[in-house]
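In what follows, a structure is listed as structure tokens, so that the remarks can point back to it.
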Amino acid sequence: MSSSDKLREKLFRPDRREMMSGMAALVAASTFGARGALAQKRITITEGEFAPVPIAIPNFSAGTPGDAEVGVGVAQVITNNLKRSGLFAPIDQAAYLEKQVNIDAPPNLNNWKSINAQALVVGRMTRQANGRVKAEFRLWDVNTGQQLAGNAFETSAEYWRRIAHIISDQIYERMTGEKGYFDTRVVFVDESGAAQRRVKRLALMDQDGANVRYLTRGSDLVLTPRFSPTTQEITYMEFGQGDPRVYLLNIETGQREIVGNFPGMSFSPRFSPDGQRIIMSLQQGGNSNLFVMDLRSKAMTRLTDTPAIDTSPSYAPDGSRLCFESDRGGKPQIYVMPGTGGAAQRISFGDGSYSTPVWSPRGDYIAFTKQGGGQFAIGIMKTDGSGERILTSGFHNEGPTFAPNGRVVMFFRDPGGNSGPSLFTVDVSGRNELRVPTPGFASDPAWSPLLS
Amino acid sequence: MAEGTGKPDLKVKVDKTLAASIVLHVLVIGWGLVSFSTKAFVMPEEDTVAVDVISSDQLSRAMAGQKDGKKENPKPLVEKVAEAKPVDDAVGKIDDKKPPVVTDTAPAPTPKVEKPEDKKPDPPKKVENKPKEEPKPVEKKPDPVKPDPIAEAIKKEEKKPPKPVAQAAKPPPEQKPKDRVFDKSKIAELLDKRDPTRASMTGDTLNANAALGTSKGKAADNSATWGAMFRQQVEVCWKNKPYGGLDAQRPEVAIDIRLKRDGGLEGMPVLDGTPSTPYARAYAESAMRAIIQCQPYRLPAAFFEEWKSFTPVFQEKPL
């Protein structure tokens, strides 16, 4: 931060004459502007179209000769992130009139206007004496000539991808007004081997599919991994010796423990928004009910007591309410109840059955899997059950999980036959469905919160 | 040769008619010389009148009245020179010929109403004579007449298949509504045959510009015209307003702009106020980009005074 401020100061310190004229212009603008506004005709414009913002991202320049490669890599990661969001249209570098842009001077905007860019990202990667790498970037509005964002970071050289994700988030946030989701990871179940003898391993990757890491060895079946909203921990269900159990795994240390010790199955765990509790289903005979366990005191609290299968609980971001799936009315449907238990209210009333509800981190939607008519669909509805919208539908789609900004839903799709499942993302508007690259078959994704 | 006298005969034979002709000519020409030559042939001087050619919309604007018009015309609207009489209804057709009609109930123009029946198939007329008599007492309602003849005609058709076929030569147009025949003789039917509903506004002098300078006048405003043109142009550029999702705030962004005569921006657009949220800021910037990108704007030069400075307001459509 401090270095970027210095840069900005160096670049934009006006001399006295500029300051005088600037102030004069300001005074004139304020007096005339205010008076003129009284009688101004107001023309209302509401009909914008949706189109991605054309943005130019030239390769980051190299501060030292050895940094050219990483400069290209950072620009590529940013380009890929913004493109995949569906909200930006990065312009092909071949069209650029300038290939290398100096970050220390205001850019020649005409070069970018002429290729119809609306925003321009310029940056530099510099190897420091201590072996770390410094990344600087500026985001320019090509039409107004304003600098919209600018920042500098320093990190170990091997984390350059993460730097690129952080810069992507800052661009996204500045241009859309919403939090980004690029500096995040996804935990999922990696599936390999023949269909009859699938090996399922927990795996972790960046949201763009890079840096895949396996967390379990695959000797035991694992399902429904979920990220902690606050710590580098994952909770999941594993079929060990005997009944399936809910586990807690620290992804930094690899340490793992069973959550609670109950007779019978425990499954479909999820963290509370504060990360202090885990809510899950406990089997009781032929039925299951919802319980919440405090991770520090290990105290269990019962939330439902019905002769039905209550499962897949998910808290609202403020923890005041939770949604879950229950077949108490016959078919599985989505219910909402207070976070501390109590009367549940059914919110899903469409045809078919609804399952795996998950509350958006933004609080406005609940995503679900909907089954009916031989199809599995991923959809969202408002938290009162209104405004249901199907985002995708097909032979088998399941397990939605929200990006931390609530704008994108990830899920897995199995085309059937001998093939296996793979991960997809789709915008909550239903646009921009994209496959997420994974090394093999993949299912049960769960999005992490923003890392930074 | 003649003896004694030897006097030559001096007597010339004067033709009397010639003399009369000469005398008359002299008289006439002499009178003419005297009477015509006295007055110089000079055109009287006239005042020059300036004439402007204005378009119809300029005229309609002038007639609509302007708030800032000069208050030099305090006279009421007068369409006809006569003794001043108040007229309540200032719209509708004006009757120049008849004395003003206060209500339209007084005259009962029954014959006129009958006319449309000419279009209907003739048979009913022949069959039904009575209904014709009926309408007279019932002021001018032809409606009860119509259904009967048609019903009768239908009955007739049902009863007597052969004859109606011959008579139904005219009804076919009803069966084939696609063939719309243009009948010049029926143009008159389209004319507005209503009686005038009001009398002319009368007064001692004609005055058609009564609305000028009145307090109920509007400011000169053609923003509906050029505003729509501006909107259409800027909307094409306002492509990437940030997507706010279902529960997003509904921002409203007002931007003051000044345009040059060529439709280009005179300076940077000025945002009204400061956006309170990152989303509102991104929204405002998207609108700003659209305004800058879409210039120059093609707007009617006639209204330049109105659009040289105005405020586009960008907002979300209400759900």
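The values are calculated or read from the model by the stated rules, or taken from the named source; none is laboratory data. All values reported here derive from a predicted model rather than from experimental measurement. Reconstructed Cβ throughout: ideal geometry from the backbone, glycine too, with neighbour counts over all protein chains shown.
Okay, residues lined up against (1) touching a Leu at 6+ places or on another chain (Cβ under 7 Å); (2) exposed (fewer than 15 other Cβ atoms within 10 Å of the Cβ); (3) of a type in the set (V, I, T); (4) free of Cβ contacts under 8 Å to residues at least 24 places away in the same chain:
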residue: A:T64; (1), (2), (3), (4): no, yes, yes, no
residue: A:I78; (1), (2), (3), (4): no, no, yes, no
residue: A:S85; (1), (2), (3), (4): no, no, no, no
residue: A:A89; (1), (2), (3), (4): no, no, no, no
residue: A:P107; (1), (2), (3), (4): yes, no, no, no
residue: A:N111; (1), (2), (3), (4): yes, no, no, yes
residue: A:A119; (1), (2), (3), (4): yes, no, no, no
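If B:A282 satisfies all but one of (1) assigned to a loop (DSSP other than H, G, I, E, B); (2) touching a Gly at 6+ places or on another chain (Cβ under 8 Å); (3) closer than 22 Å to A:M175 by Cβ, what's the number of the condition it fails?
Among (1) assigned to a loop (DSSP other than H, G, I, E, B); (2) touching a Gly at 6+ places or on another chain (Cβ under 8 Å); (3) closer than 22 Å to A:M175 by Cβ, B:A282 violates only (1).
Identify, by number, the condition in (1) crowded, with 19+ Cβ neighbours inside 10 Å; (2) closer than 30 Å to A:P225 by Cα; (3) within 12 Å of another protein chain (Cβ to nearest Cβ) that A:K179 doesn't meet.
In the conditions (1) crowded, with 19+ Cβ neighbours inside 10 Å; (2) closer than 30 Å to A:P225 by Cα; (3) within 12 Å of another protein chain (Cβ to nearest Cβ), A:K179 misses (1) alone.
Looking for whichever is outside the structural domain of A:Y172 (by TED's automatic domain parsing), surrounded by 22 or more Cβ atoms within 10 Å (Cβ to Cβ) and part of a loop (DSSP other than H, G, I, E, B) here; the options are A:S443, A:S386, A:S348. Which one fits?
A:S348
Just to be sure before I move on: is A:G417 in the same structural domain as A:G379 (by TED's automatic domain parsing), touching a strand residue (DSSP E or B) at 6+ places or on another chain (Cβ under 6 Å) and surrounded by fewer than 16 Cβ atoms within 10 Å (Cβ to Cβ) in the structure I sent?
Answer is no for this residue.
Can you pull out every residue in segment A:121-147 that is buried (at least 19 other Cβ atoms within 10 Å of the Cβ) and within 14 Å of another protein chain (Cβ to nearest Cβ)?
Scanning segment A:121-147 gives A:L139, A:W140, A:D141, A:V142, A:N143.
Could you list, in sequence order, all residues of segment B:251-280 that are within 8 Å of chain A (Cβ to nearest Cβ) and modelled with pLDDT under 85?
Result: B:T277, B:P278, B:Y279, B:A280.
So, of the residues in segment A:341-378 that are small (G, A, S) and more than 30 Å from A:M293 (Cβ to Cβ), which turns out to be nearest to the chain's Cα centre (by Cα)?
A:A377
For segment B:285-319: of the residues being in a strand (DSSP E or B) and among the hydroxyl-bearing types (S, T, Y), which is farthest from the other protein chains (Cβ to nearest Cβ)?
Per the criteria, the residue is B:S309.
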